[in-house]
Amino acid sequence: MRRIRPRRSPAVPLLIAVWAGAAAVLWLWWNNTPSIADNNSRILNAGRITGLLAGYLMALVVLQMARVPALERRVGSDRVARWHAMTGRYTICLVLAHLFLTMWGYALQSGKGLGQIVQQTVDSVNQLPDMGKAAIGTGLLVLIGFISVGWLRRLIPYDTWYHVHLLTYAAVFLTFWHQLSTGNDFAVEPVAKTVWYGLYGSVTALVVWYRILSPIRLNLKHRMRVQAVIEETPGIVSVLISGRKLHRMGAEAGQFFRWRFLAPGMRFSSHPYSLSASPRPNMLRITVKAIGDHSAALRDLKPGTRVWAEGPYGALTAAKRSRGKVLLVAGGVGITPMRTLFETLPGASGDLTLLYRANTTQDLALWDELAAISKERGARLMYAVNSPEGERPDISADSLRRKLPDIDDHDVFMCGPPGFAQEVYAALRGAGVPARRIHHESFEM
């Protein structure tokens, strides 16, 4: 316990590097901009800078999809997913601005008015090199951005959204070439062209390695299959997965894999599920609540079904810990990573507390295991369920302080639905727990 050394997230240095790259792009634009004196040059140069920044952000969008372990396990998969969504929105806005401003500038050069931008766009696509591919890529980016809008994203099945989202790779590939063939900055700066090739080439190599080659190597080595499916509570099942030397996969308590079960109707679906027990040499376990078609189908898996996994991912591990005392808070099926941490986090008697929120006592999955762990380790186990009348339990700053008077001296690990997480986060902050010691990871990506 004296050797607790929290692993610092590299998020800040990474963000600094991203901004430094954006500053380099601005310098490239400024260095190759002789004049912006008249209105036409101002419009064209605005189109140039939005295009350069869009090209830079496209590389970052793909990098954030590459599942690089340094990002997925140190920064956190949920945070990287938020970065990806935000970068994607900025990219699409810059691409559309680049398209509008550049076509407007070309139209003015040709003596056309603002109302003839559409005709100018058609002419440019037909006459300039690689513009046809860029037009298709831009259309794909707009489609991907549209289906990722919050309200529409919730209406689309996850698998449909996921597979359409993979078209991002095609969109970036198609739009890349016109950046070099029609971009003045790369024509006059060979070094910039080389750096641009290096940027996109490095990102492509990371995608190929971590999204294709590494998963193939992992699954050929460990050869996982479904061993059994066990119903824990109504609507919640545990899937036992056998394999070879599974403890050498590098998984830690609190992490998850993206699972693909090679059964009819599930072969093309990959979903993230947390480990609900510590890895054993020949066994992994996930515990899943039936909240969609994929999760509901898990109960019908047959023993012997081949399993394809990618991971491990996630930063909700013991490496986040900075204090001796720890409070674990779980909502619903968010108990799965909390259960592994409850079992494995080092601690003396009384150092660990687990608060489990569920609608009813029948929904408290893995409760017998949790009780056994609590008894063996001298840890505290509490649950919060609705009253028979349906009244929600009080999880407020005052109630948390009553249960744990020294809660402000705890690290808190939390997993559960977004609404529950926001409610508990506010209560923890009100109880005096610093934000840096509240560790939460969402798997709704």
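The values are calculated or read from the model by the stated rules, or taken from the named source; none is laboratory data. Remember, it's a predicted structure, so these values are computed and weren't measured experimentally. Methodologically, a virtual Cβ is constructed for each residue, glycine included, from the backbone with ideal geometry; neighbour enumeration extends over all protein chains shown. Areas reflect the complete protein model, heavy atoms only, side chains present, ligands, DNA and RNA absent. Shrake-Rupley method; radii C 1.70, N 1.55, O 1.52, S 1.80 Å.
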Checked the stretch 136-157 for anything open to solvent by 50 Å² or more (accessible area, probe 1.4 Å) and in a helix (DSSP H, G or I); matches are Ile136, Val142, Leu143, Phe146, Trp151, Arg153, Arg154, Leu155
* Asked: Is it the case that some residue within the stretch 326-343 is part of a loop (DSSP other than H, G, I, E, B) and not small (Gly, Ala, Ser)?
  -> no
Checked the stretch 393-405 for anything closer than 14 Å to Asp351 by Cα and open to solvent by less than 50 Å² (accessible area, probe 1.4 Å); matches are Leu404
A careful count of residues in the stretch 167-223 that are β-branched (Val, Ile, Thr) and in contact with a Lys or Arg (Cβ under 9 Å, 6 or more places away or on another chain) gives 2
Query raised in the report: In this structure, does Arg42 turn out to be under 29 Å from the mean Cα position of the chain (by Cα) and surrounded by fewer than 20 Cβ atoms within 10 Å (Cβ to Cβ)?
Result: no
Scanning the stretch 236-257 for residues that are open to solvent by 30 Å² or more (accessible area, probe 1.4 Å) and touching a residue at least 60 places away in the same chain (Cβ under 8 Å), the one farthest from Trp367 (Cα to Cα) turns out to be Gly250
The number of residues in the stretch 403-416 that are part of a helix (DSSP H, G or I) and either β-branched (Val, Ile, Thr) or in contact with a Lys or Arg (Cβ under 7 Å, 6 or more places away or on another chain) (or both) is 2
Those residues of the stretch 207-225 which are open to solvent by 30 Å² or more (accessible area, probe 1.4 Å), of a type outside the set (D, E, K, R) and within 30 Å of Arg285 (Cβ to Cβ) amount to Trp209, Tyr210, Ile212, Leu213, Ser214, Ile216, Leu220
Of the residues in the stretch 290-316 that are touching a Gly at 6+ places or on another chain (Cβ under 7 Å) and crowded, with 22+ Cβ neighbours inside 10 Å, the one that is nearest to Leu328 (Cα to Cα) is Leu316
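Residue-by-condition table, conditions (1) over 23 Å from Thr344 (Cβ atoms); (2) acidic (Asp, Glu); (3) open to solvent by 40 Å² or more (accessible area, probe 1.4 Å); (4) touching a strand residue (DSSP E or B) at 6+ places or on another chain (Cβ under 6 Å):
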site	(1), (2), (3), (4)
Glu391	yes, yes, yes, no
Ile407	no, no, no, no
Gln422	yes, no, yes, no
Arg436	no, no, yes, no
His440	no, no, yes, yes
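So that you can scan it fast, the table gives a plain yes or no per residue for (1) basic (Lys, Arg); (2) touching a Lys or Arg at 6+ places or on another chain (Cβ under 6 Å); (3) on the phi > 0 side of the Ramachandran plot:
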residue	(1), (2), (3)
Gly390	no, no, yes
Arg401	yes, no, no
Pro418	no, no, no
Ala426	no, no, no
Gly430	no, no, no
Flagged pairs (Cβ under 8 angstrom, 6 or more apart or on separate chains; first in the stretch 314-333, under 9 Å from Met414 (Cβ atoms); second open to solvent by less than 10 Å² (accessible area, probe 1.4 Å) and assigned to a loop (DSSP other than H, G, I, E, B)) are Leu316/Gly254; Leu316/Gln255; Leu316/Glu441
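Conditions (1) closer than 30 Å to Leu345 by Cα; (2) open to solvent by 20 Å² or more (accessible area, probe 1.4 Å); (3) under 26 Å from the mean Cα position of the chain (by Cα), marked per residue:
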position	(1), (2), (3)
Pro190	no, yes, no
Ala205	no, yes, yes
Thr233	yes, no, no
Ser269	no, no, yes
Pro279	yes, yes, yes
Next on the checklist: Tell me yes or no: at least one residue of the stretch 244-264 is aliphatic (A, V, I, L, M) and touching a Ser or Thr at 6+ places or on another chain (Cβ under 6 Å).
Outcome noted: yes
Log entry, pairs with first residue in the stretch 81-98 being within 10 Å of Gln64 (Cβ to Cβ), second being small (Gly, Ala, Ser) and surrounded by fewer than 21 Cβ atoms within 10 Å (Cβ to Cβ), beta carbons closer than 8 Å, six or more apart or on different chains, reads Ala85/Ser148; Gly88/Gly145; Gly88/Ser148
